[in-house]
Amino acid sequence: MAGPHRKNAAEKVMAAAAKALGKAQSGMKEWKVALPSGFDSWTRLEAIALQAAMQVDLSPGPRQSLKTKPGSVHYHLTCPGQTGTLELTIWPERQLIWLSVHANRAADWTDGAADALSAALARSIQNG
């Protein structure tokens, strides 16, 4: 029994590594936002996230959803007067929230803004 279990675990590790490598090769960066254990305020999370974005001087575009993630909420965040886009995705079904920057949308401000927004979101969620 140990053999198949180990193979399954190894396959999972390899799949995760391949997924991460694919993102790295595509030039996409992601920041996962940690949620506290037992978090259940999904109905308020979108408002919390948009408020946190505005606190770090980011402007949200129109509300969207990702076709590949049914039920998700997705925003393109921009820095006024600058090129580049930081993406915010909330996926309640999977209990995930993350930020991402595609290589073709990266700018001098995007990584720093992602770090700042991630920290602001964590604080707002903890206080919220």
Near pairs, Cβ below 8 angstrom, 6+ apart or cross-chain, from the stretch 100-115 (in contact (Cβ under 8 Å) with a residue 24 or more places away in the chain) to any residue that is in a helix (DSSP H, G or I): V101/T110; V101/D111; V101/A114; H102/S26; A103/S26
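Select, from L88, L77, the only residue that is modelled with pLDDT of 95 or more and under 11 Å from the mean Cα position of the chain (by Cα). Even if it seems obvious, please write down each step before you answer.
On the way: L77 fails: under 11 Å from the mean Cα position of the chain (by Cα).
When all the criteria are applied, what remains is L88.
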Residue ID - farthest from E46 (Cα to Cα), chosen from residues in the stretch 63-85 that are in contact with a Ser or Thr (Cβ under 8 Å, 6 or more places away or on another chain) and loosely packed, with under 12 Cβ neighbours inside 10 Å: P80
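Inspect all residues belonging to the stretch 56-75 and state whether any of them is hydrophobic (A, V, I, L, M, F, W, C) and in a strand (DSSP E or B). Don't jump to the end; show me each part of the working.
Let us first name the residues in the stretch 56-75 that are hydrophobic (A, V, I, L, M, F, W, C), namely 56, 58, 66, 73.
Filter again for in a strand (DSSP E or B), leaving 73.
Yes, the conditions are met somewhere in the stretch 56-75.
Residue-wise test of (1) assigned to a loop (DSSP other than H, G, I, E, B); (2) modelled with pLDDT under 95; (3) under 18 Å from L86 (Cα atoms).
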{"residue": "K19", "(1), (2), (3)": "no, yes, no"}
{"residue": "A24", "(1), (2), (3)": "no, yes, yes"}
{"residue": "L35", "(1), (2), (3)": "yes, yes, no"}
{"residue": "G38", "(1), (2), (3)": "yes, yes, no"}
{"residue": "I48", "(1), (2), (3)": "no, yes, yes"}
{"residue": "A53", "(1), (2), (3)": "no, no, yes"}
In the stretch 99-128, the residues that are surrounded by fewer than 20 Cβ atoms within 10 Å (Cβ to Cβ) and farther than 26 Å from P36 by Cβ: H102, A103, N104, R105, A106, A107, D108, W109
Residues of the stretch 38-72 that turn out to be free of Cβ contacts under 8 Å to residues at least 60 places away in the same chain and under 21 Å from N127 (Cβ atoms), as a count: 11
Unique match (being closer than 14 Å to W31 by Cβ and open to solvent by 50 Å² or more (accessible area, probe 1.4 Å)) among L96, L88: L96
Within the stretch 28-56, considering residues that are open to solvent by less than 30 Å² (accessible area, probe 1.4 Å) and touching a helix residue (DSSP H, G or I) at 6+ places or on another chain (Cβ under 7 Å), the one farthest from A106 (Cα to Cα): I48
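The values are calculated or read from the model by the stated rules, or taken from the named source; none is laboratory data. Because the structure is predicted, anything quoted here is derived from the model rather than measured. Cβ coordinates were reconstructed from backbone atoms using ideal geometry, including for glycine residues, and neighbour counts include every protein chain displayed. Remember, those area values only see protein heavy atoms, side chains included, never the ligands or the DNA or RNA. Shrake-Rupley method; radii C 1.70, N 1.55, O 1.52, S 1.80 Å.
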